[in-house]
Each structure stands twice: as structure tokens, then as C-alpha cells.
Amino acid sequence: MATIIGGLTSSHIPAVGNAIHNKLFDDPYWKPFFDGYPPIREWLDHHKPDVAINIYNDHGLGFFLDRMPTFAIGAAAEYRNEDEGWGIPKLDPFPGDPELSWHIIESMVADEFDITSCQELAVDHGFTVPMQLFWPGAPNNPDMPRTVPISANTVQHPIPTLKRALDFGKALRKALLSYPKDVKIVVMGTGGLSHQLDGQRAGFINKSFDQMCMEKIVTAPEELTHISRRELVEKAGAQGTEFLMWMMMRGALGDTVVPLEKNYHIPISNTGAGTMLLECAA
């Protein structure tokens with residue numbers, strides 16, 4: 001029987017991919033950001049999950065604005081990475097778990113979530129950067145888990161509400177716990193906290209709102225569902241809508257979690273960057 005052991009959060013800024021490639025881990029600009037990851041890697045090394053559910057948003061590689069599914073789930077044996085134009089080196093394909101993917105898809109549809117199933121899917125920095133942060137050298141890390149990518153629409157309005165995101169996570173939890181194989185699963189919610197990359201508010205970051213979200217997502221995620229989509233954009237910036245993917249992750253962890261690690265840093269690439277490790281309660 002499948003077990004969900006915990007949840008991870010991470011920014012997925014493309015500049016991080018270049019910083020990893022150039023080994024800027026001790027650079028004064030990057031060090032406070034990278035310092036949040038070694039304790040989580042130690043936890044992963046101890047527990048060695050078999051599967052990582054990676055909840056991310058595509059930035060035009062797998063989908064574009066003319067065809068943007070609200071929720072898409074990969075069902076491939078591998079997921080290829082391609083050149084996005086950010087200067088990030090192209091990575092080898094990531095291993096998939098199509099049997100688990102189809103189980104999730106079937107269960108989510110039975111729970112009345114409309115899913116786009118992808119038997120081929122190119123994954124961009126939203127997916128690859130967190131994998132490299134948690135499993136250095138990914139996908140060629142010896143402890144690399146199989147992956148199931150879940151892409152959520154955070155860019156083409158109307159986007160899902162935070163309530164819908166949390167409910168998705170709850171349905172995902174039901175799907176994972178009903179999987180008959182004995183596998184350990186970690187669920188990742190990726191994306192920046194507050195940030196806006198363009199327009200009159202370019203460079204906007206709301207530290208107090210970010211810290212509130214990092215606190216409430218542990219103890220009272222239901223309270224965060226009262227934040228409307230408009231309010232989320234106002235308080236977190238146009239790209240701060242990526243927080244909904246954290247909510248999807250949180251819904252999959254159950255009622256009670258134990259926060260083991262937490263790091264918040266700005267202004268990496270004009271983004272509030274939050275990193276967390278939430279362990280599922282026994």
C-alpha cells in the first residue's frame with residue numbers, strides 16, 4: 001500500500017538552473033537561498049522516496065496560452081527536457097511511473113476533476129529546477145525517484161481558486177493512498193511566493209503575506225481558501241498565483257503535518273523564495 005511521507009516546497013526560478021550549472025552555491029547572492037536545501041536532502045537520503053509527485057506550472061514548453069489545461073497529469077515512461085531559451089543546459093529525460101499516473105488519473109476523474117492526460121510531456125524549469133535542488137545531479141542522481149508531473153494553470157485566467165487547489169490535493173491524497181503497491185511518495189509544490197515580473201508593479205514582493213502563507217499552510221490551510229483570486233494577485237503579484245500549487249501539495253498531506261525545515265529568502269530574481277519540508281504525521 002502506498003504511503004505519503006511528506007511534502008516539499010521550492011521556488012523554480014530559471015536563474016536557479018543557471019546558478020546550479022555554474023556551481024554558485026557559496027556565492028554571496030545565492031548562498032542564503034541554497035542553504036535551505038541540505039537539511040531536506042538529508043531527510044530525503046534517509047527516507048529515499050520511490051516516487052516524487054511534482055506539482056508545477058508549465059511556462060510555454062509543454063503548453064502555451066492557446067492551449068492551457070487547468071490540470072494536466074503526465075502518464076509517460078519518461079519526461080524530456082528541452083531548451084527553453086534561458087541558457088539553462090538541457091537535461092536527460094526524467095523517469096516516469098505510468099502505472100501510478102494512470103491510477104491517479106482514473107481516481108481524479110472519478111472524483112469529478114477534469115484531467116488532461118499526457119502520454120508525452122516536455123518539462124521545463126518549473127519541473128526540473130526543484131528536482132535538481134532536492135536531488136543534485138538529477139535526473140542522474142543514484143537515488144532519483146520516479147516522477148509524476150502535475151501541471152496546473154497559474155497564468156491563463158481564470159485560474160483555479162485556492163479552494164479548488166486544496167480540494168485537488170485532497171483528491172490526489174485519496175488516489176495515492178488507494179494505490180496497491182508498496183511505495184513511498186513525496187509530494188512537491190513548486191513555484192515562487194510573491195513576485196511580479198512585469199507591468200507597473202514589476203519587482204513587487206510582499207514579505208509579510210508570504211510569511212503568513214508559510215505559517216497558515218502548516219496549521220490552517222482552510223483559512224487560506226478564503227483568499228480570492230483577485231486578492232491573491234493584489235497581495236502576491238501577478239506571478240504569485242503559483243502559490244496555488246503549494247495548496248495542491250498541502251491537500252495531499254492530510255490534516256496534520258510536522259514542519260521540519262523552513263527557509264525564506266528575497267530577492268532571488270525578484271521573487272519571494274520559500275522552501276519547506278512538511279512531514280506527514282504518523
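What to note about this one:
- Amide hydrogen neighbours beyond the local backbone of Val183, cut-off 5 Å, H modeled: Ala2, Thr3
- Each Lys and Arg contributes +1 and each Asp and Glu -1, all at the Cβ; summed about the Cα centre of the chain, the dipole is approximately 480 debye.
- Sites Asp92 and Gln119, calculated FRET efficiency, Cβ-Cβ separation with R0 25 Å, nearest 0.05: 0.80
- Filter on Lys31/Lys184; Lys90/Lys184; Lys163/Lys235; Lys23/Lys90; Lys23/Lys207; Lys216/Lys262 - keep pairs with C-alpha separation over 20 Å: Lys31/Lys184; Lys90/Lys184; Lys23/Lys207
- Ranked by the mean number of other Cβ atoms within 10 Å of their residues, highest first, the peptides 135-142, 166-173 fall in the order 166-173, 135-142.
- Length gained when the stretch His226-Lys48 is fully extended (0.36 nm per residue, less Cα-Cα span): 60.5 nm
- Cα-based Kirkwood hydrodynamic radius, the range 3-280, one decimal, Å: 18.4 Å
- Prolate is the label for the range 128-282. Its Cα gyration tensor axes, ordered a ≥ b ≥ c, give a/c of at least 1.5 and a/b above b/c.
- Think of the chain as a dipole: +1 on every Lys or Arg Cβ, -1 on every Asp or Glu Cβ, centred on the Cα centre; then among Gly74, Thr271, Gly87, Thr271 lies furthest on the positive end.
- The slack in the chain from Leu177 to Glu82, taken as 0.36 nm per residue of separation less the alpha-carbon distance, amounts to 30.9 nm.
Every number in this text was worked out from the coordinates using simple rules, so none of it is lab data. Since this is a predicted model, take the numbers as computed values, not measurements. As a convention, Cβ positions derive from the backbone with ideal geometry for all residues, glycine included, and neighbour counts pool all protein chains shown.
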